[in-house]
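Nothing in this text is a laboratory measurement; each read-out follows from the coordinates by a stated rule. Computed from a predicted structure; not experimentally measured. No Cβ is skipped: glycine too gets one built from the backbone with ideal geometry, and neighbour counts run over all protein chains shown.
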Amino acid sequence: MKKSILITGCSSGIGYCVAHELQTRGYRVFATARRQESVDMLLAEGLESFQLDLNDSSSIQRAVEETLNRSNGQLYALFNNGAYGLPGAVEDLSREAMRAQFETNFFGWVELTNLILPVMRKQEQGRIIQNSSILGFAAMPFRGAYNASKFAVEGWSDTLRLELRGSNIFVSLIEPGPIATKFRANAMKAFERYIDIEHSIHREKYLIVQDRLNKQGPTVPFTLPPEAVLKKVICILESRTPDARYYVTFPTHMFGLLKRILPVSVLDKLLAKAGHKHQ
């Protein structure tokens, strides 16, 4: 029987790339997306696809039921990937905005994973792959909501990994830096919805943020294609004992090292400079 994997957020970018390439490698891929038009596109391209909205518990439950019905109750791997970024200074983030960020980037992942874990325990093996971020361990200004959601993913994943010791179910975090995806376009929509630019003390900086989000193509150095993340996913799926963390892109390696060796005050200066430079 083919090894099967459920992937969230497959409409574009990393999820789209991973879904197609894993199917080519012989995996049975369940490629999910929030919008029906994305599902229709994936179906037309030859993938098994159905809706999964991380903000909707009933959608998550239906997707899990559909997955298990198709796979005879088994699932080798889950790739928690669907997420978005909400730019904005912390003081401009409403409770509603923070809740929306966490519903998609964290609570949906937890609920989905908890529904899959009994299946993996029963089959006595599994891989849970979490697409985190450099911003899951190195915070940058004007990314507070996304920073917080990814820091939460990291803490939850570390805890889950400890609780699953000896079960043959492995939890691995992938921590990309800049990847060429539609991330900025989705961030722009969230920014316009939740941030009151005209009445903010940060108005001038937000105009720079808007300009960056609207630019086409990479806006920061060392940006890699989604295939860079794909390589790590394959490594996790095919390693007998995958690692807890996988860095992707030079900035992730650099700040991972600097966080271990530099005083907080010095690291803060570097992160503040990097964050303001690439607002």
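Taking the Cα centre of the chain as reference, the dipole from Cβ charges on Lys and Arg (+1) and Asp and Glu (-1) amounts to some 760 debye. Note that the chain, at 10 °C in a medium of 1.306 mPa s, gets a Stokes-Einstein diffusion coefficient of 82 µm²/s from its Kirkwood radius over C-alpha pairs. Between 0 and 90 degrees, the angle of helix 108-123 with respect to the longest Cα principal axis of the chain falls at about 30 degrees. Compactness check for the range 84-142: Cα Rg over 2.2 N^0.38 Å is 1.47. Across all directions, the average projected area of the convex hull around the alpha carbons of the range 1-133 is 8.4 nm². Residue exposure proxy: VAL18, VAL233, ordered by other Cβ atoms within 10 angstrom of their Cβ from fewest to most, comes out as VAL233, VAL18.
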